[in-house]
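To keep things clear, I will list the structure first and then write my remarks on it.
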Amino acid sequence: MSTALPEDFKNRMKTQLGGQYASFIESYENTPVRSFRLNICRSEGIDRAHLSRIMAGSDTPDQVPHCNFAYYYDDAAPGKTALHEAGACYIQEASAMLPVTMLDVNDSGQKILDLCAAPGGKSTQIADLMRGAGLLVSNEIIPSRAQILSENIERMGVANALVISSDPQKLTGRFGGFFDRILVDAPCSGEGMFRKNPEAVSEWSIDNVKMCSERQDMLLDCAVSMLSEDGRIVYSTCTFAPLEDEEAAQRFLERHPDFEICEGPVKLYPHAFRGEGHFAVAFMRRSEIGNGIVSGFSPSSVGRRNAAKPLNALIDELSSTARENDRKRLLGEWLDNSGFSTAAGDCYDRILTFGDSIYLAPEYTCDLSGLKVLRAGIKLGTFKKNRFEPDHALSHCLTKDDVDLYLDLPNDSGEIKQYLSGMTLNCDKDMKGWCLICVDGFGLGWAKAVGGILKNHYPKGLRQG
Ligand code: SAM
């Protein structure tokens, strides 16, 4: 590592780690570890082993121990490929995958808040485990970072998220006792990221550790006021400072004696785990511990989608239907058959129209007035001169199995590069209508087939090269 570690930090770590200090310091000479998480929801029916080999650039990628379908990759691997653009995976640090595994997320329709969510690694991990059911509120206080969060939510094809940019203290008045699960992945002094992000070293000071710890106390208190009676909070940081980790947990229990630690604390060090530094602990109300926690995730139980009406037939019907309720009914039926309905009900009641645009809102949509909302569910499409155009966001919720017309291209093909750069592609002369361009099965964007040409509808702002 080129940047020197602060002396005050090293002295504290020496006391903290005792005999392990030498191996801890040695680990800074190693290259930071890289890893990614496959999109489990959308890779159902797709060869996941094949995907992981492409993404990892290895025939036998190593699995991240605490996260299903997450793998390590080496420096030479491609990283941000077309598969990445299609939302097949999220590049996420291995240790950072730990807190969500302690949040006890399932697909029963939970209401979950990710209070400090940008850029979205943990929010998209939570969404994957919710499998479209319930409501995920992803909040990020800094507007520019909230925009990146929103883009990642769209890229990964998350349909049940409300992305907002708000001060956590302002949220408490709106969401009192509302959430079943809250993740507080707090801003911290970032000691666990020193190897990966040397900038964090220059920003470090004893005063900053103290300032962070005070902000963390405030964030945890906000979380408590928004938690349901039997809810669970996971608190995490990417630092080693006890003041921000174990002592923050202790202070929390002193301020809230009705709570108890129900899992953890877990602290990951780079010399003992193949990843960077992280800390996580889970809390519940004392009276609720052991009461009906449905834990775990079983990918085998993901339901197959039924055959839906062909998308182009739906689009034709929508385009010749003027009444809003009829349009909603047609879209609702198609979405239900395409796997968008949840245990809580059909899609019809969640379809909202604003002018010419039509959206699918998450379950439990609440009063949004006064909130800075970047995304509420997904935009399904727009009526342009009465013709329905599917939205880019919808393409990222679909795979080739969901549509009648698709072009499935391999991740490294020249045509995929052509498509990503905004160029047209060739197709059969008799192909007609909206065509889902897929990369190894994953929806990447739309093209419109006319007279042997696929006209490119990949958004201009996302085009590459
Ligand atoms: N959970 C994210 C993920 O997995 O991608 C990483 C979150 S990062 C550790 C902490 C986030 O908290 C940052 O995006 C930062 O902008 C945000 N933040 C900073 N000050 C905050 C505050 N006062 N309240 C809430 N969030 C804050």
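Answer yes or no as to whether Ala82 is modelled with pLDDT of 95 or more, within 29 Å of His50 (Cβ to Cβ) and away from the ligand (no atom under 16 Å from the Cβ).
Values: modelled with pLDDT of 95 or more: no; within 29 Å of His50 (Cβ to Cβ): yes; away from the ligand (no atom under 16 Å from the Cβ): yes.
So Ala82 fails the test.
Of everything in the stretch 114-167 that's basic (Lys, Arg) and within 12 Å of the ligand (Cβ to nearest atom), which residue is nearest to Met102 (Cα to Cα)?
By that ranking, first place goes to Lys122.
Count, please, the residues in the stretch 229-247 that happen to be within 26 Å of the chain's Cα centre (by Cα) and within 19 Å of Pro99 (Cβ to Cβ).
Residues in the stretch 229-247 being within 26 Å of the chain's Cα centre (by Cα) and within 19 Å of Pro99 (Cβ to Cβ): 12 in total.
Kindly establish whether Thr321 is farther than 29 Å from Leu113 by Cβ, more than 29 Å from the chain's Cα centre (by Cα) and either among the aliphatic types (A, V, I, L, M) or surrounded by 13 or more Cβ atoms within 10 Å (Cβ to Cβ) (or both).
Working: farther than 29 Å from Leu113 by Cβ: yes; more than 29 Å from the chain's Cα centre (by Cα): yes; either among the aliphatic types (A, V, I, L, M) or surrounded by 13 or more Cβ atoms within 10 Å (Cβ to Cβ) (or both): yes.
For Thr321, the condition - farther than 29 Å from Leu113 by Cβ, more than 29 Å from the chain's Cα centre (by Cα) and either among the aliphatic types (A, V, I, L, M) or surrounded by 13 or more Cβ atoms within 10 Å (Cβ to Cβ) (or both) - is met.
Name the pairs: first residue in the stretch 150-165 and at pLDDT 95 or above, second residue among the acidic types (Asp, Glu), Cβ to Cβ under 6 Å, at least 6 apart or on different chains?
Ser165/Glu140
Could we say that Leu444 is farther than 29 Å from Lys111 by Cα, surrounded by 17 or more Cβ atoms within 10 Å (Cβ to Cβ), modelled with pLDDT of 95 or more and not charged (D, E, K, R) here?
no
Please work out which one of (1) under 30 Å from Leu462 (Cα atoms); (2) in contact (Cβ under 8 Å) with a residue 60 or more places away in the chain; (3) among the small types (Gly, Ala, Ser); (4) in a helix (DSSP H, G or I) is the condition Ser23 fails and give its number.
Among (1) under 30 Å from Leu462 (Cα atoms); (2) in contact (Cβ under 8 Å) with a residue 60 or more places away in the chain; (3) among the small types (Gly, Ala, Ser); (4) in a helix (DSSP H, G or I), the lone unmet condition for Ser23 is (1).
Which of the residues belonging to the stretch 332-365 are closer than 16 Å to Cys397 by Cα and part of a loop (DSSP other than H, G, I, E, B)?
Ser338, Gly339, Phe340, Ser341, Cys347, Ala361, Pro362
Restricting attention to the stretch 171-219, and to residues there that are among the charged types (D, E, K, R) and part of a loop (DSSP other than H, G, I, E, B), which single residue is nearest to the ligand (Cβ to nearest atom)? Walk me through how you get there before you give the answer.
Initially, the stretch 171-219 is screened for residues among the charged types (D, E, K, R), giving 174, 180-181, 185, 191, 195-196, 199, 203, 207, 210, 214-215, 217.
Right, trim to part of a loop (DSSP other than H, G, I, E, B) and you get 195-196.
On the way: Arg195: 16, Lys196: 13 Å.
This residue is Lys196.
For the stretch 386-404, which positions are assigned to a loop (DSSP other than H, G, I, E, B) and either buried (at least 20 other Cβ atoms within 10 Å of the Cβ) or acidic (Asp, Glu) (or both)?
Within the stretch 386-404, Asp391, His396, Cys397, Leu398, Val403, Asp404 meet the criteria.
Counting only residues that are in contact (Cβ under 8 Å) with a residue 40 or more places away in the chain and closer than 25 Å to Ala186 by Cα, give me the helices (runs of 4 or more DSSP H) lying completely in the stretch 36-137 with at least 3 of them.
Counting at least 3 such residues, we get 98-101, 121-130.
Looking at (1) over 22 Å from the mean Cα position of the chain (by Cα); (2) farther than 17 Å from Ala313 by Cα; (3) free of Cβ contacts under 8 Å to residues at least 40 places away in the same chain, find the lone condition where Tyr406 falls short.
(2)
How many residues, within the stretch 220-229, are small (Gly, Ala, Ser) and within 12 Å of the ligand (Cβ to nearest atom)?
Total satisfying the criteria: 1.
Scan the stretch 343-376 residue by residue and report those that are touching a Pro at 6+ places or on another chain (Cβ under 9 Å) and at pLDDT below 95. Outline the logic, then answer.
Within the stretch 343-376, the subset touching a Pro at 6+ places or on another chain (Cβ under 9 Å) is 350, 372, 374, 376.
Answer for the stretch 343-376, where residues must be touching a Pro at 6+ places or on another chain (Cβ under 9 Å) and at pLDDT below 95: Arg350, Ala376.
In this structure, does Ser43 turn out to be under 32 Å from the mean Cα position of the chain (by Cα) and of a type in the set (Gly, Ala, Ser)?
Yes, satisfied.
For (1) surrounded by fewer than 16 Cβ atoms within 10 Å (Cβ to Cβ); (2) in contact with a Ser or Thr (Cβ under 9 Å, 6 or more places away or on another chain); (3) not aliphatic (A, V, I, L, M), each residue gets a yes or a no:
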{"site": "Pro242", "(1), (2), (3)": "no, no, yes"}
{"site": "Ala248", "(1), (2), (3)": "no, yes, no"}
{"site": "Pro257", "(1), (2), (3)": "yes, no, yes"}
{"site": "Glu263", "(1), (2), (3)": "no, no, yes"}
{"site": "Leu268", "(1), (2), (3)": "no, yes, no"}
{"site": "Arg274", "(1), (2), (3)": "yes, yes, yes"}
{"site": "His278", "(1), (2), (3)": "no, yes, yes"}
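This table checks each residue for (1) farther than 30 Å from Arg174 by Cα; (2) under 26 Å from the mean Cα position of the chain (by Cα).
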| site | (1), (2) |
| --- | --- |
| Pro362 | no, yes |
| Thr382 | yes, yes |
| His392 | yes, yes |
| Ile416 | yes, yes |
| Gly433 | yes, no |
| Leu454 | yes, no |
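Within the stretch 70-126, work out how many residues are of a type in the set (D, E, K, R) and farther than 20 Å from Gly264 by Cα.
6
I'm checking my understanding of the structure. Among residues of the stretch 312-359 that are among the polar types (S, T, N, Q) and touching a strand residue (DSSP E or B) at 6+ places or on another chain (Cβ under 6 Å), which one is nearest to Lys448 (Cα to Cα)?
First pass over the stretch 312-359, keeping only residues among the polar types (S, T, N, Q): 312, 319-321, 325, 337-338, 341-342, 353, 357.
When the remaining residues are screened for being touching a strand residue (DSSP E or B) at 6+ places or on another chain (Cβ under 6 Å), the result is 312, 319, 357.
Values: Asn312: 11, Ser319: 15, Ser357: 19 Å.
Here the answer is Asn312.
Going through the stretch 232-263 one residue at a time, which ones are in contact (Cβ under 8 Å) with a residue 40 or more places away in the chain, away from the ligand (no atom under 16 Å from the Cβ) and touching a helix residue (DSSP H, G or I) at 6+ places or on another chain (Cβ under 8 Å)?
Residue satisfying the conditions is Pro242 alone.
The values are calculated or read from the model by the stated rules, or taken from the named source; none is laboratory data. Predicted, not measured: the structure shown is a model, and the values here were computed from it. Because the Cβ atoms are built from the backbone with ideal geometry, glycine has one as well, and the counts that use them run over all protein chains shown.
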